[in-house]
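Working notes, structure below.
Here, each number is a calculation from the coordinates, and none is a lab measurement. Because the structure is a prediction, the values reported are computed rather than measured. Quick reminder, even Gly has a Cβ in these numbers, built from the backbone with ideal geometry, and neighbours come from all protein chains shown.
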Amino acid sequence: MTETKQTTRFRFWLWLLRFIGLIVPRRLRPDWRQEWEAELRWREKQLAEWDRLDRRHKLALAVAQRGRVRRRAVVAAETR
């Protein structure tokens, strides 16, 4: 059941990419679509791995992500 749900969700996103891709200039569309499909596949994989983690590891990842966001904010502020 879970596999079917994930496959259906992924197909929806692929359909949505095709639809949104209509506003992307035709010459850029293949590269744009390939990049976004790869991003979606990576994200689906990350979510599947996230579901297999226990609470302690999820907390560690959340803390690490918070640190990454702070560093990006600092770098963005320095480049202005």
Average silhouette area of segment 2-79, convex hull of alpha-carbon atoms, in square nanometres: 7.4
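About the Cα centre of segment 2-79, what is the dipole size in debye to 20, counting +1 per Lys and Arg Cβ and -1 per Asp and Glu Cβ, all else neutral? Mind showing how you got there, number by number?
Working: 20 positive and 10 negative charges, 29 e Å.
Magnitude of the dipole: close to 140 debye.
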